[in-house]
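Working notes for the structure below.
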Amino acid sequence: MTNQTIPLDAETKAIEMPEDHRDELRLWLRLLTCSTLIEGEVRRRLRDRFDVTLPRFDLMAQLDRTPEGMTLSDLSKRMMVSNGNLTSLVDRLVASGHIERRVSEIDRRAQIVNLTPAGRTEFRAMAAEHEAWIAEIFGGLTQREQKDLMRLLAKTKLSARNAIVGVAQ
């Protein structure tokens, strides 16, 4: 038997040689900080300007993209939230007149929700301001820097998905 060096997997390497991961950890913390800062500011502005929460805004955004409405099950998959969390959001938006709920003609057990005309009008006003806020937040980056960041983040997303798939196998 030869005395070969066996390459370390990422988990073992992180435990045995943590200094090798300093840059990756710093990058992860930088990404998390940026995401948290931006999300916090968007939440604050939605609350202050429209008295709406980010989850309500996100739900309305999903419904704005599908004028024919969506089942609660499809909405929960798209929003990556449980049906229980979604039900309370839907109930509040029905009560405020932003969305309506009806029984599916295809499957009587399913409910379809969609924006009311007033809900759609109000959402689109919020969405326009939201878009302006995001442009303002990223305004310190040139167009070239934004494109570079998009490219690098797409590569990061693929790397993360590949790592997750690798762990699941």
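Read the figures in this text as sums done on the coordinates, not as results from a lab. The structure displayed is predicted, hence computed values, not measured ones. So basically every Cβ, Gly included, is an ideal-geometry build from the backbone, and we count neighbours across all protein chains shown.
Remarks
- When the charge dipole of region 98-169 is built from unit charges on Cβ atoms (+1 for Lys and Arg, -1 for Asp and Glu) and taken about the Cα centre, the candidate among Phe138, Ala125, Val113 whose Cα reaches farthest toward its positive end is Val113.
- Think of each Lys and Arg Cβ as +1 and each Asp and Glu Cβ as -1; about the Cα centre, that makes the dipole of region 64-169 roughly 440 debye.
- Per-residue [θ]222 nm for the chain (sum of -39500 (n - 2.57) over DSSP H runs n ≥ 4, rounded to 500): -23000 deg cm²/dmol
- Label-point separation in nm, Asp23 to Leu152, each point 7 Å along Cα→Cβ: 1.2
- Summed residue charge, Cβ within 15 Å of Arg45's Cβ, Lys/Arg positive, Asp/Glu negative: -3
- For the chain, convex hull volume per residue from C-alpha positions, Å³: 194
- GNM result for the chain, Cα springs below 10 Å: residue of Glu105, Glu129, Glu41 fluctuating most strongly: Glu105
- Residues in region 17-59 reached by a label modelled at Arg161 [backbone nitrogen below 18 Å; 7 Å Cα→Cβ]: none
- The shape of region 52-131 can be summarised by an equivalent ellipsoid whose semi-axes, obtained from the alpha carbon gyration tensor, come to 20, 14, 11 Å from longest to shortest.
- As a length-normalised measure over Cα pairs under 8 Å and 6 or more apart, the relative contact order of the chain settles at 17 percent.
- Peptides 132-140, 118-126 ranked from most to least packed, by the mean per-residue count of other Cβ atoms within 10 Å: 118-126, 132-140.
- With the alpha-carbon atoms of region 82-168 aligned to their principal axes, the span from lowest to highest coordinate is 47, 39, 22 Å, starting with the largest.
- Charge-dipole axis of region 30-169 as Lys and Arg at +1 and Asp and Glu at -1 on Cβ define it, positive-most pick from Leu86, Pro67, Thr156: Thr156
- Part-to-part distance (alpha-carbon centres) for region 41-70 and region 95-169, which is given in Å: 9
- Distance between the 7 Å Cα→Cβ label points at Ser88 and Thr66: 2.3 nm.
- Highest-MSF residue in the chain out of Arg22, Arg78, Arg30 [GNM, Cα springs under 10 Å]: Arg22
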